[in-house]
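J.: Would you mind keeping the following structure in view while I ask a few things?
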Amino acid sequence: MTKHHLPFGSTKAEPYGLVVTPEDAGWTYSGLRTLELDGGGHVFETGGDEMLVLPLSGSCAVECDGETFELTGRRDVFSRVTDFAYVPRDATVRVRGSGRFALPAARCGNRLTPRYGPAGDVPVELRGAGVASRQVNNFCTPEAFPYADKLIACEVLTPGGCWSSYPPHKHDEDGPGECRLEEIYYFEVAGEGMAYQRVYGTEERPIDVLAEVRTGDVVTIPHGWHGPSMATPGYDLYYLNVMAGPGTQRQWLICDDPAHTWIRGTWEGQEPDPRLPLTSAEER
């Protein structure tokens, strides 16, 4: 189903380099845009979506509801953890600066308060071990940033040669230990590299994606097991996860593919890849 792999440029709509709305994806909640500025400004309306302004490269000022947040940003996604701004639904937002910015979005019901997220407050977590090692920057997860209504977002950095989003997992049903979340993966690959993303389903709910991804590509995941995300040797992999769903509680609960969950037990006694963490709040 190639409709779930959106190569760089395939959803461009000026002034945005990438546009994925809930309507585009065929679901209800999750969305993403990217915006590039060269010293100028851009004004947009959030409408029914709460959103983030997340620097992928460069820095900017974000104005909303009489507040101005100066985002220090970063050179690129492999150089440091960044600060960010949260903006609510039904708001007018002005972004001024230079660089590329991700605008993760979630259709929501409650109008909250604009907020600044400092880079130094972003929890950096190491998951897995050995060749299944990765770094997760939990900048807009429920525990780290409780000030959103529906939106959940995090960044994952995977050293070249490692596999992440592994073992494969899903979050497409409500039940013990699992909740329904639509998910967008936005990828960047160091240098001129490539990576791979796998998504697969069940007989009742089929989906079958094995995509070669490069910088700027997106994979949408309406349901099904997803993982691994494979970083090819020599090329570090970054992806931004954007999630939202119908639950009354904002939470991230997942279920491993039972065929592969045993892999977690093999991590005992193994250390994370020594290259991790790849980034922190300090410039690398």
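The values are calculated or read from the model by the stated rules, or taken from the named source; none is laboratory data. These numbers were taken from a predicted model, which means no experiment stands behind them. Counting neighbours? That spans all protein chains shown, and the Cβs are built from the backbone with ideal geometry, glycine included. The accessibility values were calculated without ligands, DNA or RNA, using every heavy atom of the protein model including side chains. Shrake-Rupley method; radii C 1.70, N 1.55, O 1.52, S 1.80 Å.
J.: So which strands (runs of 3 or more DSSP E) are wholly in the range 81-182 and hold at least 3 residues that are in contact with an Asp or Glu (Cβ under 7 Å, 6 or more places away or on another chain) and open to solvent by 40 Å² or more (accessible area, probe 1.4 Å)?
T.: In the range 81-182, the matching strands (runs of 3 or more DSSP E) lie at 92-107.
J.: Tell me, which residue of the range 26-55 that is among the hydrophobic types (A, V, I, L, M, F, W, C) and buried (at least 22 other Cβ atoms within 10 Å of the Cβ) is nearest to ASN110 (Cα to Cα)?
T.: MET51
J.: Kindly provide the set of residues from the range 221-239 that are open to solvent by 10 Å² or more (accessible area, probe 1.4 Å) and of a type outside the set (Phe, Trp, Tyr), ordered by number. First the steps, then the outcome.
T.: So the first thing to find is which residues in the range 221-239 are open to solvent by 10 Å² or more (accessible area, probe 1.4 Å), and the list is 222-223, 225, 228, 230, 232-236.
Residues satisfying the conditions are PRO222, HIS223, PRO228, MET230, THR232, PRO233, GLY234, ASP236.
J.: Look at GLU70 and say whether it is over 24 Å from GLU183 (Cβ atoms), open to solvent by 50 Å² or more (accessible area, probe 1.4 Å) and among the acidic types (Asp, Glu).
T.: Yes, satisfied.
J.: Here is a further query. In this structure, is SER10 within 22 Å of ASP121 (Cβ to Cβ), at pLDDT 95 or above and either touching a helix residue (DSSP H, G or I) at 6+ places or on another chain (Cβ under 8 Å) or open to solvent by 10 Å² or more (accessible area, probe 1.4 Å) (or both)?
T.: No; evaluated as a whole, the condition is false for this residue.
J.: Now a separate question. Quickly run through the range 245-265 and pick out the residues that are open to solvent by less than 60 Å² (accessible area, probe 1.4 Å) and among the hydroxyl-bearing types (Ser, Thr, Tyr).
T.: The answer is THR261, and nothing else.
J.: Which condition number in (1) in contact with a His (Cβ under 7 Å, 6 or more places away or on another chain); (2) among the hydrophobic types (A, V, I, L, M, F, W, C); (3) surrounded by fewer than 23 Cβ atoms within 10 Å (Cβ to Cβ) is the one that LEU210 fails?
T.: Looking at each condition in turn, LEU210 falls short on (1).
J.: Here's a follow-up. Pick from the range 202-245 the residues that are in a loop (DSSP other than H, G, I, E, B) and touching a Leu at 6+ places or on another chain (Cβ under 9 Å): which of them is farthest from ASP149 (Cα to Cα)? Outline the logic, then answer.
T.: Residues of the range 202-245 that are in a loop (DSSP other than H, G, I, E, B), as a first pass: 202-207, 214-217, 222-224, 232-236, 245.
Of the ones still in play, those that are also touching a Leu at 6+ places or on another chain (Cβ under 9 Å) are 216-217, 236, 245.
Working: GLY216: 27, ASP217: 27, ASP236: 32, GLY245: 10 Å.
For the range 202-245, the residue satisfying everything is ASP236.
J.: May I pose another question? Filter the range 72-122 down to residues that are within 23 Å of TYR185 (Cβ to Cβ), without any contact (Cβ under 8 Å) to a residue 60 or more places away in the chain and among the hydrophobic types (A, V, I, L, M, F, W, C), then give me how many there are.
T.: 3
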